[in-house]
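Everything below concerns the one structure shown next.
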Amino acid sequence: MADRLQVLSGDITRLAVDAIVNAANASLLGGGGVDGAIHRGAGPELLAYCRTLGGCPTGEAKITPGFRLPSKHVIHTVGPVWRDGSQGEAQQLGLCYRNCFRLARKHGLRSIAFPAISCGVYGYPRDAAARIAVAECRMAMRDNPDLEQVLLVAFDESMAKVLQQALSAA
Ligand code: AR6
């Protein structure tokens, strides 16, 4: 099981997996960070498609094609903005992962890559977010044997370290 869940460093938009996850905002109309990179990689067709979706509340997820990306699909989810930890942030972040995995199962996906949802401009403390990510991935993989590969993608080495620590701690 450990092999099916891995930490990877690099640019998530380069990955040829069944789905990459986008850390989007509620409009689903693009933004900075990983969201911007995904829209640049997918091309304008993604924005046109997203305009038909009517946005996405925090904690939920919506699936689109990957268009010009090497990944077949993009699963867009909206992480919580970190306030002080007492506003349901942990529950909402857990829901993001859960709803992405629900869509993966519904669409028969076997490989999925996540960025560190909410760990950029949304300000979620990285170690706490990494623990949630690992726990949710493990649970989803237990429930869905069709998931062959789950990648936690870090864009910089410090995030990779935090994710790796969470992976080996549990
Ligand atoms: N590949 C993998 N990870 C990346 C990439 C990439 N190409 N680019 C950035 N990251 P963020 P959030 C990492 O800010 O905190 C957007 O404007 C980054 O280093 O992209 O959920 C949306 O539209 C960080 O570790 O997402 C929303 O408004 C992680 O991805 C808002 O930002 C998440 O950082 C969402 O904020």
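As a proxy for reagent exposure, ranking Leu53, Leu151 by other Cβ atoms within 10 Å from fewest up yields Leu53, Leu151.
Net charge in the neighbourhood of Leu29 (other residues with Cβ under 13 Å of its Cβ; Lys, Arg +1, Asp, Glu -1) is +1. Ordered by the number of other Cβ atoms lying within 10 Å of each residue's own Cβ, fewest first, Thr52, Thr58 fall into the sequence Thr52, Thr58. Estimated from helical segments only, the mean residue ellipticity of the chain at 222 nm is -12500 deg cm²/dmol, where each DSSP H run of four or more residues counts as -39500 (n - 2.57).
Using the Karplus relation 6.51 cos²θ - 1.76 cosθ + 1.60 with θ = phi - 60°, the per-residue 3J(HN,Hα) values for the stretch 20-34 come to 9, 9, 9, 8, 9, 10, 4, 6, 6, 9, x, x, x, x, 5 Hz, with x marking Gly and Pro.
Which of the three applies to the chain, rounded, prolate or oblate, going by the alpha-carbon gyration tensor with a ≥ b ≥ c and a/c under 1.5 meaning rounded? Note, shape of the chain comes out rounded.
Each value in this text was obtained by applying a stated rule to the coordinates, not by laboratory testing. Everything numeric here is computed off the predicted structure, so don't read it as measured data. As a convention, Cβ positions derive from the backbone with ideal geometry for all residues, glycine included, and neighbour counts pool all protein chains shown.
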